[in-house]
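Only one structure is covered here, and it is reproduced in the block below.
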Amino acid sequence: MAASLGKGDRDLDMNVITHFIQFLLKMWGNQLNNRSPAEKMGVRGKLACATYTQTQVYLKPLLRKLKTKSLPEDISDSLTEITRLVTHIYKWL
């Protein structure tokens, strides 16, 4: 899907960006869940969990606008470029 980013289809771009953000959040959540109980209960573990939860709350309005295809064009273009570059770099890892 990422290969077709930035080719002029804004709806497809917004779908790819939505899936990409959700994928990143899922990977982050899985990483947090796979920690040992001692890590989870420590100060750093609780801070990491709070950061994750806060990030989810902050991204909710963006994801809502992406799903309803009502994101302003300038923001959409910037997110498309960021997603395209990050997914391109991710392929090389």
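The values are calculated or read from the model by the stated rules, or taken from the named source; none is laboratory data. Computed from a prediction, not measured in an experiment: that's the story for all the values here. Just so you know, the surface numbers come from the protein's heavy atoms only, side chains and all, with ligands and any DNA or RNA stripped out. Shrake-Rupley method; radii C 1.70, N 1.55, O 1.52, S 1.80 Å.
Things to note:
- Sulfur and carbon atoms: percent of accessible area, the chain [1.4 Å]: 62
- What the phi angles of the range 38-46 give under the Karplus curve with 6.51, -1.76 and 1.60, with θ = phi - 60°, is a coupling list of 5, 5, 5, 8, x, 4, 5, x, 5 Hz, glycine and proline written as x.
- Average accessible surface for the chain: 73 Å² per residue, computed with a 1.4 Å probe over protein heavy atoms with every protein chain in place.
- Karplus 3J(HN,Hα) series, Hz, for the range 11-26 with 6.51 cos²θ - 1.76 cosθ + 1.60 (x for Gly, Pro): 4, 5, 4, 5, 5, 5, 4, 4, 5, 5, 5, 5, 4, 4, 5, 5
- Normalised contact order of the chain, rounded percent, pairs of Cα under 8 Å and 6 or more residues apart: 48
- Listed by chain and number, the lysines placed with their C-alpha closer than 25 angstrom to that of Lys7 are Lys65, Lys67, Lys69, Lys91; residues fewer than eight positions away on the same chain are left out.
- Mean ellipticity per residue at 222 nm, deg cm²/dmol - from DSSP H runs of n ≥ 4 across the chain, formula -39500 (n - 2.57): -27000 deg cm²/dmol
- Residue-level accessible surface for Lys26, protein heavy atoms, 1.4 Å, Å²: 130
- Rg to Rh, two decimals, where the chain supplies the alpha carbon set and Rh follows Kirkwood: 1.06
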